[in-house]
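See structure below.
The values are calculated or read from the model by the stated rules, or taken from the named source; none is laboratory data. Owing to the predicted nature of the structure, the values given are computational and were not obtained by experimental measurement. In this analysis, Cβ positions are derived from the backbone assuming ideal geometry, glycine residues included, and neighbour counts consider all displayed protein chains. Ligands, DNA and RNA are stripped out before the accessible areas are found, and what is left, the full protein with its side chains, is counted by its heavy atoms. Shrake-Rupley method; radii C 1.70, N 1.55, O 1.52, S 1.80 Å.
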Amino acid sequence: MELKKTLTMPRGTFPMRANLPTKEPAYVLQWHQIGLYQQLLKHNEGKPAFYLHDGPPYANNEIHAGHALNKILKDIILRSKNLEGYYVPYTPGWDCHGLPIELCVTKSGVDRRTTPPAVFRKKCAQYALGQVDRQRQQMLTLGVLGDYDHPYLTLNHDYESHQVEIFRDMALQGLIYKGLKPVNWSPSSESALAEAEIEYKDVVAKTIFVRFKVTTGNSIVKPGDFFVIWTTTPWTLPANLGICLNPRMTYGLFKTEIGNLVLLKDLALSLQMKLGLAKMTLLKEFKGTDVEKVVCKHPFIDRDSLVMVDDYVTSDSGTGCVHIAPGHGLDDYRVGKKYGLPPLCPVDEKGYMTKEAGESLAGLFYEEANDKVIEILKANGSLLLEEDITHSYPHDWRTKKPTIFRATAQWFCSVDKIKDKLLKEADTVNFLPSWGKVRLKNMLANRDDWCISRQRLWGVPIPIFYGEDGEPLMDKKLFDHVIELFKENGSDIWYEKEAKDLLPDRYTNPHSPHGLFTKEKDIMDVWFDSGSSFNGSDIALGHPFPADVYLEGNDQYRGWYNSSMILSVATTGKAPYKQIITHGFLVDQNGEKFSKSKKNGIDPVTICKTFGADILRLWTTSIDYSTAEIKLTQQLLQIVSEQYKKIRNTFKFMLTNLMDDDEGHGFDTSYVPTALDFTNQLMLNKLKVVLATMKKDYDTYNFSGVTDTLTNFFVNDLSSFYLDFSKDTLYCEKKDSILRRNTQYVLYTIAKSIDIAFSPILCFTCEEIYSYLNIKDKKVSVSLEKYPSLGEEDLNLTKDYQLLVDLRNHVNALVEPVRASGVIGSNSEAEVFYKPVSADEKALIEKLGNKEVSRILIVSGFELASENKVVKHSGTKCDRCWNYFDDIHEVNGNHLCSRCLDAVKDLPLDPVQGESK
Ligand SMILES: [Zn+2]
């Protein structure tokens, strides 16, 4: 028999090639078939709950790498909490209403204007559900677990009724009101437009410079002086309520032949030429803020025009004095609001001037009003100059006609009234990263009242009835009735029935003496939909509230974190989350954001098909997800693949060394060592430290820490140390020698516990490894195991382990030059005489014994000495284990050491000169 055949070499079928793209879908199917998510819930029923509330992605298009990052991070948290024995419900959600879906349905050939609303909405719902299905399939390929068969959808009947509950509770507290606000308005289609429905085209516009006479001055400007404004939309002048200056920029009062004029000092020279003024003498110089609240007279309407200041005023064009018509522009509206000016809008929905614009303008189409306004200004001497410019102007994408800003009635949520409470609640929340607290608080503090109405069809209708006098009826009975109707039928019923059929039986209200009612046509902002999810999902489904964690991209401080906070505080008095975790955005190798138009994104589904989802999951733990910009490139995925191979191969080594023969005999996993040798004690203690470190990193959501700890352990402690020196033991010792069994015991313990501990990250691979582990009491999935706990770390053993690692480094540093010089061919030829660097090191060596130290250091001899010295071992090489010995046995022409002789003595030996390992 050949000596080689007397060695116990690694065995088994665990494949080195992962083949993830083929294997992963089978696991997804298997988990679904065994109902793994439901089993986990049952498994941990009655234990403390951990609840992560899913932020609903928008139900449109394929999932992108950002979704994948988000869902994988959530899944790692959920899986790790399950292992730790928490009860972990998780209901994924989708945001299903809104304009992008309306636009997709319109683009597919459905005309919103001619299709009955209820029919159009059915098509939107169909489209959204199709998108949900597609995204769900794609998400599942990432290996995520959750109640994917019963997600919360913002179009579900239950969800809509819970959303109206929130609206009701806020309305009854006086937190919902109707007011005016300018919106993009298309006179040609008589409707409000969203930004996405607007195209910009170059047009020639009439611009005018107009002077406004001061009536109430101050120490700087006097009655009779003028402010000069410039506008590209003369027809908005009838709606002028003020003039806005930049508070910090420098203005001048200039003496000219047409009066004393106020304008931005830097623009004076160019304006003098433009206006053709002979002289312009600077009388006074001041900041915008110095003339705040001066009052001028409207140039042709008997009305004041207030001088205001705001930072949005720039020195790019005009005069630095901006005409403010709060009913015709968003900045105008905002500035006007600050000074208590109403959004006056003397233009009707068809674009015609109303009586409020003055007798000579009333009834004119707004474009015709331009000429009339110029004529009036010319006649009364207020017009300083009229000129044509070409500029880019918004147009209705369907009718191709110009659009205007027009104040219309909108519904608002009063943020002001609850702002103090919002800020107080934000203080109770934990943030990761910690700067999130300031970000969220700033967003909340600076937030204006929230305009929650949209002039669209695809959404939850604003559930308001009006009396005959036009009064919106804030009546609990009405809201409760609508909530029941929506629960039963969904909100489509609002469009399928008339107002009278949506009221409770025999409903009366003093605002409708004749029993006539109308209903609101607007729908709610989609942020009201998703912001209601704490009620629509958590409270409704009996999930814990507030949620332990919300985890989304860092843009959600402005979005979902914000709207959820407002709606939750308004109705429950509490923040909906205990902790907010955010991640950044993905960029390509040049640091550019992934975008559809640039085609620079990497599609997660393709990654799963080429690399495998586990590679993508491992990648999410290779980054600091909290940084603003996260790189994802093919090259990085390649690097992560290499890292994956190392992890897999280390597992393979451990698994294949647990077998003793091809018949499946091997390590009995019920084996408990009676007295574990010191070296293996050190390894098990090291494993305890690794497991505890990984757990701490899971608990602080530091997933790159988990992977770093594992990789270090596998590469530095196992591959290049423990497993390396254990090869001799595993291959050459008698199969059932105590040292070999103890080593197998340690291998098994490491493989099993690390497999479980790392399964939240490499969910597929760890499931595969689990299937190869010969575990008593095996579960149907590694996920149903408990996070391994091997007891408390022994600090003395930790210290000794470090001493041992250092000793190895010291000795290697001595052996290496001797090997390089050719005196010895390999470490196993070396005999080392060693002078310890410390008393502790000496004590450790004495504790281990020279023979054990030789085994660990893979040298053939080791002795304590007063001088360091490495020599070639003077003994003979054992033909079986290749170590050198002074006492060697010659058997049938083979040289065998005592250990090897003992290992083979019961085997029939062949006289053939044996080859060895
Ligand atoms: Zn030997």
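When only residues in the stretch 152-188 that are among the polar types (S, T, N, Q) and at pLDDT below 95 count, which is most open to solvent (accessible area, probe 1.4 Å)? My answer is Ser188.
Scanning the stretch 408-440 for residues that are open to solvent by less than 10 Å² (accessible area, probe 1.4 Å) and in a helix (DSSP H, G or I) yields Leu422, Ala426, Gly436, Leu440.
For every residue, the table says whether it meets (1) among the hydrophobic types (A, V, I, L, M, F, W, C); (2) open to solvent by 30 Å² or more (accessible area, probe 1.4 Å); (3) under 22 Å from His583 (Cα atoms).
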{"position": "Asp662", "(1), (2), (3)": "no, yes, no"}
{"position": "Thr679", "(1), (2), (3)": "no, no, no"}
{"position": "Thr693", "(1), (2), (3)": "no, yes, no"}
{"position": "Tyr698", "(1), (2), (3)": "no, no, yes"}
{"position": "Tyr701", "(1), (2), (3)": "no, no, yes"}
{"position": "Leu710", "(1), (2), (3)": "yes, no, no"}
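Of the residues making up the stretch 138-151, not a single one is open to solvent by 20 Å² or more (accessible area, probe 1.4 Å), farther than 30 Å from Val782 by Cβ and either aliphatic (A, V, I, L, M) or not in a loop (DSSP other than H, G, I, E, B) (or both).
Scanning the stretch 849-864 for residues that are farther than 17 Å from Leu682 by Cβ and aliphatic (A, V, I, L, M) returns Val859, Leu864. Does at least one position in the stretch 441-452 carry a residue that is more than 28 Å from His328 (Cβ to Cβ), within 38 Å of the chain's Cα centre (by Cα), of a type outside the set (Val, Ile, Thr) and open to solvent by 60 Å² or more (accessible area, probe 1.4 Å)? Among the residues of the stretch 441-452, at least one is more than 28 Å from His328 (Cβ to Cβ), within 38 Å of the chain's Cα centre (by Cα), of a type outside the set (Val, Ile, Thr) and open to solvent by 60 Å² or more (accessible area, probe 1.4 Å), which makes the answer yes.
For the stretch 876-917, residues that are modelled with pLDDT under 75, closer than 17 Å to Glu829 by Cβ and of a type outside the set (Lys, Arg) total 1.
Within the stretch 486-526, being open to solvent by 70 Å² or more (accessible area, probe 1.4 Å), touching a residue at least 60 places away in the same chain (Cβ under 8 Å) and either farther than 14 Å from Asp158 by Cβ or touching a Cys at 6+ places or on another chain (Cβ under 6 Å) (or both) holds for Glu496, Lys521.
Among the residues of the stretch 572-588, the one identified as β-branched (Val, Ile, Thr) and out of contact with any strand residue (DSSP E or B) (no Cβ under 8 Å at 6 or more places or on another chain) is Thr572. Scanning the stretch 558-576 for residues that are open to solvent by 20 Å² or more (accessible area, probe 1.4 Å) and in a loop (DSSP other than H, G, I, E, B) yields Arg558, Gly573, Lys574. Somewhere in the stretch 111-133, is a residue open to solvent by 10 Å² or more (accessible area, probe 1.4 Å), under 30 Å from Val605 (Cβ atoms), among the β-branched types (Val, Ile, Thr) and out of contact with any His (no Cβ under 6 Å at 6 or more places or on another chain)? No, the stretch 111-133 has no match at all.
Among the residues of the stretch 221-231, are any in contact with a helix residue (DSSP H, G or I) (Cβ under 6 Å, 6 or more places away or on another chain) and either open to solvent by less than 30 Å² (accessible area, probe 1.4 Å) or on the phi < 0 side of the Ramachandran plot (or both)?
Yes.
Of the helices (runs of 4 or more DSSP H) lying entirely inside the stretch 806-917, those carrying at least 2 residues that are among the hydrophobic types (A, V, I, L, M, F, W, C), within 16 Å of the ligand (Cβ to nearest atom) and open to solvent by less than 70 Å² (accessible area, probe 1.4 Å) are 898-904. Candidates are the residues of the stretch 236-257 that are β-branched (Val, Ile, Thr) and in contact with a helix residue (DSSP H, G or I) (Cβ under 9 Å, 6 or more places away or on another chain); the one that is most open to solvent (accessible area, probe 1.4 Å) is Thr250. Listed by position, the helices (runs of 4 or more DSSP H) contained in the stretch 720-797 that have at least 1 residues being surrounded by 16 or more Cβ atoms within 10 Å (Cβ to Cβ) and in contact with a strand residue (DSSP E or B) (Cβ under 8 Å, 6 or more places away or on another chain) are 738-758. The single condition among (1) outside any loop (DSSP other than H, G, I, E, B); (2) touching a helix residue (DSSP H, G or I) at 6+ places or on another chain (Cβ under 9 Å); (3) more than 19 Å from Leu263 (Cα to Cα) that Glu199 does not meet is (2). Here Lys609, Lys599 are screened, and the one residue that is of a type in the set (Lys, Arg), over 20 Å from the mean Cα position of the chain (by Cα) and in a loop (DSSP other than H, G, I, E, B) is Lys599. Among the residues of the stretch 36-73, those identified as open to solvent by 40 Å² or more (accessible area, probe 1.4 Å), outside any loop (DSSP other than H, G, I, E, B) and under 25 Å from Asp699 (Cβ atoms) are Gln39, Lys42, His43, Ala49. List every residue pair whose Cβ atoms sit under 7 Å apart, with the two residues 6 or more apart in sequence or on different chains, where the first one lies in the stretch 560-572 and is farther than 18 Å from Cys451 by Cβ and β-branched (Val, Ile, Thr) and the second, anywhere, is open to solvent by less than 10 Å² (accessible area, probe 1.4 Å) and at pLDDT 95 or above. Close Cβ pairs satisfying both conditions: Val569/Leu422; Val569/Ala575; Thr571/Ile166; Thr571/Met170. Every condition in (1) in contact with a Phe, Trp or Tyr (Cβ under 7 Å, 6 or more places away or on another chain); (2) not β-branched (Val, Ile, Thr); (3) not in a strand (DSSP E or B) is met by Asp555 except one, and the failing one is (1).
Of all the residues in the stretch 639-682, those that are part of a helix (DSSP H, G or I) and more than 22 Å from Phe725 (Cα to Cα) number 6.
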